[in-house]
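The structure appears below as structure tokens.
Each value in this text was obtained by applying a stated rule to the coordinates, not by laboratory testing. What you are looking at is a predicted structure, and each value in this text was computed from that prediction instead of being measured. All Cβ positions, even for glycine, are placed from backbone atoms using ideal geometry, and neighbour counts span all protein chains on display.
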Amino acid sequence: MEIAGHSLHRLRDRLVEGIDGPLFALALALTAIGLAALYSASYENAARVAAQFGNLAVALVAMWLVAQIPPQTLLRLAVPAYAVALALLLGVALAGEVVHGARRWLNLGIGRFQPSEMMKIAMPLMLAWYFHRREGSIRLRDFALAAVLLAVPVLLVARQPDLGTALLIAAAGFYVIFFAGLSWKVLAGLAVTALAALLPLWGMLHDYQRRRIHTLLDPTEDPLGAGYHIIQSTIAVGSGGITGKGWLNGSQTHLEFIPERATDFIFAVYSEEFGLVGNLVLLALYALLIGRGLSIAAQAPTMFTRLLAGAVTLTLFTYAFVNMGMVAGILPVVGVPLPFISYGGTALATLYIGIGILMSIYRHRKLVQS
């Protein structure tokens, strides 16, 4: 019995090794909220929730595995990961599977794979490696080359078209470039250039993307078409009031007014049923998660780990900000899931891999790294 007990203790210690308690608890709390919202959004469909539990199991295994990898190994994997992800994106552009008019997937025979999700992790890894190699002698041309490394995959993903994922990849790369020391003068120049480029960029947008911007400015212009998503989601958010209508009692949800209620618009379901109080709880959990991530970034011992931790953390912020803004009608609909809440396996795995990276960086923060 003593031997069996000792073995169980060793197994338990091995399983929790490298796991950061606060990060793990916050991510699980958000995921639990997501499972409750999904149960309501899917009309109490236990099979849908069970499928998300399966996705969660895969994501947790991925998180644990990544948390065991030392940052030195992540540093060595950065270039190969970026090269493979870029090659897969080129494969999608040449021979990807088209679903609902978008070429975003590669058919692997046993299932479909979306390489753009891999790039969400590979991009900050690559740019953090790039600036780490140039620490102490970073010049303007280094930022220019980093921008090229970022722009190529972003454009490939935007052409699929997948504006939401392209935005998240761009944000992850931008945060690395910003934390590497990009000056405010350069940022101001880029902002002016971006404003000047709005007119030609408008001509490059797809028709559905232009309609989304028109809809943002005036959703009532096409209330039964392009404006329907925003109108119904804002009604649901507003109708929740202070305390909400109660779990499983959302009328907008259960009368099927909210589109994509299990994925991109699940925040509308949650807001209607849990109200302002529930939203404040959700915001507090996100704030604590982001605060913990930034604390890990501040304690990281090398430039690579600081840049990587900061980018991963602020990418989580971007996920939440863009999705909530989209559902509330203050940002265009771009297809960004609410982190840890929306239904979906690939996005959930990507998020937990990001959490695993933060855990690895925190665990090895006192080690001398090269």
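Overview of values
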read-out	value
Environment charge at D142 (Cβ cut-off 15 Å; Lys +1, Arg +1, Asp -1, Glu -1)	+3
Dipole of the range 251-352, positive direction: furthest Cα of V327, L351, G275, with charges on the beta-carbon	L351
Calculated Cα extents along the principal axes in Å (choose from (i) 67, 59, 44; (ii) 59, 50, 34; (iii) 61, 54, 33), label	(i)
Förster radius 25 Å - calculated FRET efficiency between A191 and L140 (Cβ-Cβ, nearest 0.05)	0.90
Under DSSP loop assignment and at most 11 Cβ neighbours within 10 Å, longest trypsin sites (Lys or Arg not before Pro)-free interval of the chain	140-365
Size of charge dipole - the chain - debye, nearest 20, with Cβ of Lys, Arg +1 and Asp, Glu -1, no other charges	1240 debye
GluC sites (Glu not before Pro) restricted to DSSP loop in the range 17-111 with at most 11 other C-beta within 10 Å	E17, E44
Mean Cα-pair separation over length for the chain, i.e. relative contact order, pairs under 8 Å, 6 or more apart, %	28 percent
Karplus (6.51, -1.76, 1.60) ³J(HN,Hα), θ = phi - 60°, over the range 358-365, in Hz, Gly and Pro reported as x	4, 5, 4, 5, 5, 4, 9, 5
The chain: calculated mean residue ellipticity at 222 nm from DSSP helix runs of at least 4, using -39500 (n - 2.57)	-24000 deg cm²/dmol
